[in-house]
1. So Tyr393 passes all but one of these: (1) surrounded by 15 or more Cβ atoms within 10 Å (Cβ to Cβ); (2) of a type outside the set (A, V, I, L, M); (3) at pLDDT 90 or above; (4) closer than 21 Å to Glu272 by Cα. Which condition number does it fail?
2. Could you say whether any residue in segment 334-354 is within 24 Å of His116 (Cα to Cα) and at pLDDT below 85?
3. From Leu317, Leu297, which residue is in a strand (DSSP E or B), touching a helix residue (DSSP H, G or I) at 6+ places or on another chain (Cβ under 7 Å) and modelled with pLDDT of 90 or more?
4. Report the residue count in segment 203-214 for those that are among the polar types (S, T, N, Q) and either assigned to a strand (DSSP E or B) or at pLDDT 95 or above (or both).
5. For residues that are assigned to a loop (DSSP other than H, G, I, E, B) and in contact with a strand residue (DSSP E or B) (Cβ under 9 Å, 6 or more places away or on another chain), tally how many sit in segment 170-187.
6. List the residue pairs whose Cβ atoms are under 6 Å apart, where the first residue sits in segment 102-126 and is outside the structural domain of Gly193 (by the TED database) and touching a residue at least 12 places away in the same chain (Cβ under 8 Å), the second is assigned to a helix (DSSP H, G or I) and among the hydroxyl-bearing types (Ser, Thr, Tyr), and the two are 6 or more positions apart or on different chains.
7. Can you pull out every residue in segment 135-152 that is under 15 Å from Leu383 (Cβ atoms) and either acidic (Asp, Glu) or part of a loop (DSSP other than H, G, I, E, B) (or both)?
8. Among the residues of segment 174-188, which ones are over 14 Å from Ile105 (Cα atoms) and of a type outside the set (Gly, Ala, Ser)?
Amino acid sequence: MTGLRFDVALVETRRRQQQPVQLQAFYLSPLPSNRAYVSRTKTIFKYKFEFCLTGFMKDGEVNLTELIEEHGGKIPERYQDVLHKNNPKAVVIATPVSWRKLKFIYAIACGIPVVHPEWIHACVTAGKVVSFDGYFIPSGYSFTTRKFECLSVQQLDIFAGLSFGIPYDVVRTSNTSTKSMGSLISFVLKACGAKLVVEDLTPSRDKLVDIVLSNEYTKTCEYYRKKHKTPLRTFPWVTECMILQRFIKKSKEDIFQPRVYERDDENQASEEVLAVNAEIGDADRTMLKLHTGELVLADLSGNGTDHFLLFHVCKILRIIIHREEDDRPRGEEEQSVSLEVGVLKRSSNSPGLSRTHSKILQIPTSHVKRRVVAVSAKDFQQLEYRDESIFYYEEKGEQDDNVKAK
């Protein structure tokens, strides 16, 4: 395949010939007929792997499940039975944009391979299990490096010997979502070597910990900071350490500090947030959680364009919630969301991107079509697959021709 076309050919099942395995992205090429594999073994994955799938549309997951099971693979009903550090057979098959999903994060924290579905196709084509090399999915967006990282899978002990406290006395953010996130972060911390995690940390418990984790600066945060001089960090700091596979020390910018809310913030007509659930403008009008720093494909024309090459790649710089003034309680009033985005310069007919913003705009979330990811040119070159959701940053002096077409 060359230039413009990102072929992600997945294998067909015998029962569903010529019916593609659908991901969140649409494929640009037909799938090979299952007849191409008639002579291949049907026990490629038997007794070797236990699979989890994440990020797929329903039909795509059904088809991919059938394909794996037809070749001896096993997909347990409970992902918790698969995704733990003591399971050498575990493998997660994922889409490139599913890096914020729970199964994906569990796998990265436990050192479990997360690979593109094209790896399944490669195994079936070869009639044997092939190396994971070249088929890994980027492990997540780093706020430090400002790109998606593609580091090798390994067991992580970056929090070894440390204790953490997670307070739940939030006021401005959802208590339910905070507890849910706290539970996930607790799993990550323990999987990466933490000796102790105290959930629902409070001043009354006065449990000494090394670090307090919260996205909101709460009374508990203030108590531990003033009385014990305990460092404060946010939940994204934990995932940043996991993605970069190292302990991130305090930086000059210190972007991983809990947010301090002022009293006047409650009466503001608009509020800037780090993430929001909003309806996007794809065919299904999907509710998607958008995060500051992420890349999205957007139809800036607003004309309902339906081809990814005509969309613009945008980086979300700010997320702003606008509230309508009325007598209803806070949280029940009419709201709208706008995104301040930087439009990235993009090479014609190529997945190459410049970090430079050609312009900065405010757009409604209805202009967003889907998420995408961008890796370094070097990491892109090492991929054995192409996916229209994966772009690369052109480094200074590099041209598109320097990046191999698969």
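The values are calculated or read from the model by the stated rules, or taken from the named source; none is laboratory data. A quick note: this is a predicted structure, and the numbers were derived from the prediction, not measured. Cβ atoms come from the backbone with ideal geometry, glycine included; neighbour counts cover every protein chain shown.
1. (4)
2. The answer is yes; a qualifying residue exists.
3. Leu297
4. 1
5. Of the residues in segment 170-187, 4 are assigned to a loop (DSSP other than H, G, I, E, B) and in contact with a strand residue (DSSP E or B) (Cβ under 9 Å, 6 or more places away or on another chain).
6. Lys103/Tyr79; Val124/Tyr37
7. Once the filter is applied, which keeps residues that are under 15 Å from Leu383 (Cβ atoms) and either acidic (Asp, Glu) or part of a loop (DSSP other than H, G, I, E, B) (or both), segment 135-152 yields Tyr135, Ile137, Pro138, Ser139, Glu149, Cys150, Leu151, Ser152.
8. Asn175, Thr176, Thr178, Lys179
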